[in-house]
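Here is the structure we will look at.
The values are calculated or read from the model by the stated rules, or taken from the named source; none is laboratory data. Nothing here was measured: the structure is a model prediction, and the numbers come from that model. Ideal geometry is used to build each Cβ from the backbone, glycine not excepted, and the neighbour counts take in all protein chains shown. Heads up: the accessible areas ignore ligands, DNA and RNA and are worked out on the full protein's heavy atoms, side chains in. Shrake-Rupley method; radii C 1.70, N 1.55, O 1.52, S 1.80 Å.
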Amino acid sequence: MKVLNILNSSYNLLFNLLMRECNSWYFLNIIPKHDEHLALYMKSCQTLDFVRFDLKNDHRILYFPIHYKSLTGMHVFGNHVGIRTERFGKIEIITMGEALIFLMKEQFPETATPQFYATIDHVTDIYNELIEKRTFKLFSDVAPILSDKKAKENNEVALSNLVHEYSTKEELAGFHQLLSDYAGNSNTDIGKAAILWLKSYTDCLLQSVVNKYTEEGIITAPNLLNTIITTDQEGLPAHLSFSNSNYILKNDLPEYFNIRKIENFLQTQLLTHNLFPVIRALGLSGINTEAKLLEEVSHSMLAFYNLYSENKNFIFHSTVFVDFFLPSIFSIHDTEHIHSQANQHNHLINSKYYSDKLIKPEKGELVHKRYFENSVMEIGIRAFDIDTDLDILYEWVNKDYAKKFWEMDGPIEELEEAYIKLLGVDYSHPYIGTLNGEPIFTLELYWAVKDEVGKYYPFHPGDYGFHMLIAPAKKKINNFSYYALTMCMEHFFSHSQVHRMIGEASVDHAGTHNLITKVGCEFSKALTLPYKTSNLTFLNREMYKDAVQDILDTSCSEIYLKV
């Protein structure tokens, strides 16, 4: 039995699987001003990145420190786990092992503590076996074909000997050496060498899997455990093959077989169990940043995508299938209580529709402004700064007129908690609107694909939505709301990733609905959400320009002075 106060691969993998397969958590990386106990706990840890897990059945909150936050979704956690029984109460320290038992019993109440300890030391082996078995489970009624095996070449490398999904930095020495050798052979800086190596690897992977599937109807299992790289003389990937040489022909499947299942399977194997771990390994080794590596991979995948017609190519599906491993690992059969994320979108490989500049602008950054009424009114929009804007927003949301529609009134600790959560997600961001430099409205932009609303209508991956709250005016300003929304939409549509803007104002708020129709939004249907019934509206660039062209023509985004 491993000592519980030492973080090991089993614990790290298990907690990442809990994050992947469950949804009662969020990131936080802002030390609060109004939650004294949480602030003290966060300052006591050697990191500013945390995951908060809410135990609804046990009425507790867990805080896990992240020592390496990966954009691929497989993080490295510290053992200084915090737990509290009151929402803003004191935080005690427990071990990762103790915390995982709390989480397992929350998600799987029938899990016994002895069963957990009996399984924990074998989690990595069980997980790898389950990945290998996915192919045969999916195609259980089709006999696989055994391909001819080639003799091993001198320049073949079994990648699973160097990299796996839950690798630690210390375990990646061999992979780091592989990249160092290529950098030396090609006389290239190792950071640049990592990008070139990864682009070549991505191309080989897509050719070996997607091209085989679309052109020849061959379905294989391209996970990292099977991947064998053949390198050229310098060490650059030149060809990929798979040690598990069994494959299935698409034409051998029954006529009733759901083809989307094949594409979900291949996409999960390609991304979750192959490409993402390689990117994480490069980032964890410090060779290059994951953000830069993912950007390069996205470009390579988009170029490959454009080689094929859309009906053949699946690598840019707007939803990514998420497999459930935890029930199988712990031999649990009752999974009704798990909130499925089987269609969670992963924007990391789809920069065509996801904009970092919109969702993650610099704190307090002025992103756009426009001058109206002969330049008397300067209306701007800037990224939310919790240090300066929270008190302003607290005053607004506690006004009587805002309570009904925003439902964010109450103690400032609760508002701070809500905005720390909002700033921690990767699909939404709040903005502050200004009039002549003074805050006067707030607007929350969200990516509809991953927002709650995306579950209730057939979204396009380029859909972005918004919520807007205007502060009580000290004096009436004609057309201010119209001008402000015109300016905001101009900024949003300046980003190519935005396909259309959606609105979902409550049916009870006729004023908001009338306002958004003035900038071109058109009613689609009534949308029943868990917390309200809304008017779903859509707005694209052409509709927007047709509706506000006169306003744009009589206003300006810059003022030039003669001196």
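Residue by residue, here is whether (1) over 25 Å from CYS556 (Cβ atoms); (2) open to solvent by 10 Å² or more (accessible area, probe 1.4 Å); (3) modelled with pLDDT of 90 or more holds:
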{"site": "LYS421", "(1), (2), (3)": "yes, yes, yes"}
{"site": "LEU445", "(1), (2), (3)": "no, no, yes"}
{"site": "GLY465", "(1), (2), (3)": "yes, no, yes"}
{"site": "LYS476", "(1), (2), (3)": "no, yes, no"}
Some residue of the range 275-285 being open to solvent by 30 Å² or more (accessible area, probe 1.4 Å), at pLDDT 90 or above and of a type outside the set (Asp, Glu): no
Yes/no for LEU275 being over 20 Å from ASN155 (Cβ atoms), touching a residue at least 60 places away in the same chain (Cβ under 8 Å) and hydrophobic (A, V, I, L, M, F, W, C): yes
Cβ-Cβ under 8 Å pairs, at least 6 apart or on other chains, the range 528-555 side open to solvent by 100 Å² or more (accessible area, probe 1.4 Å), far side part of a helix (DSSP H, G or I): LYS545/LEU552
Test: residue in the range 357-366 that is modelled with pLDDT of 65 or more, open to solvent by 70 Å² or more (accessible area, probe 1.4 Å) and either touching a Cys at 6+ places or on another chain (Cβ under 8 Å) or not in a loop (DSSP other than H, G, I, E, B) (or both): yes
Which listed residue, of SER241, SER200, SER186, is in contact with a Gly (Cβ under 9 Å, 6 or more places away or on another chain) and either of a type outside the set (Phe, Trp, Tyr) or farther than 19 Å from ASN128 by Cα (or both): SER186
Subset of the range 519-563 [under 19 Å from LYS455 (Cα atoms), in a loop (DSSP other than H, G, I, E, B) and in contact with a strand residue (DSSP E or B) (Cβ under 6 Å, 6 or more places away or on another chain)]: LYS532
Number of the condition not met by PHE441 [criteria: (1) surrounded by fewer than 22 Cβ atoms within 10 Å (Cβ to Cβ); (2) free of Cβ contacts under 8 Å to residues at least 60 places away in the same chain; (3) more than 22 Å from GLY380 (Cβ to Cβ)]: (3)
Residues of the range 11-54 satisfying the condition of being in contact (Cβ under 8 Å) with a residue 60 or more places away in the chain, assigned to a loop (DSSP other than H, G, I, E, B) and touching a strand residue (DSSP E or B) at 6+ places or on another chain (Cβ under 9 Å): CYS22, SER24, ASN29
Residue match in the range 404-413 (condition: touching a residue at least 40 places away in the same chain (Cβ under 8 Å), open to solvent by less than 50 Å² (accessible area, probe 1.4 Å) and within 24 Å of PHE53 (Cα to Cα)): yes
THR434 of a type outside the set (A, V, I, L, M, F, W, C) and either part of a helix (DSSP H, G or I) or open to solvent by 50 Å² or more (accessible area, probe 1.4 Å) (or both): no
Any hit, the range 138-160, residues being at pLDDT below 75, assigned to a helix (DSSP H, G or I) and touching a Phe, Trp or Tyr at 6+ places or on another chain (Cβ under 8 Å): yes
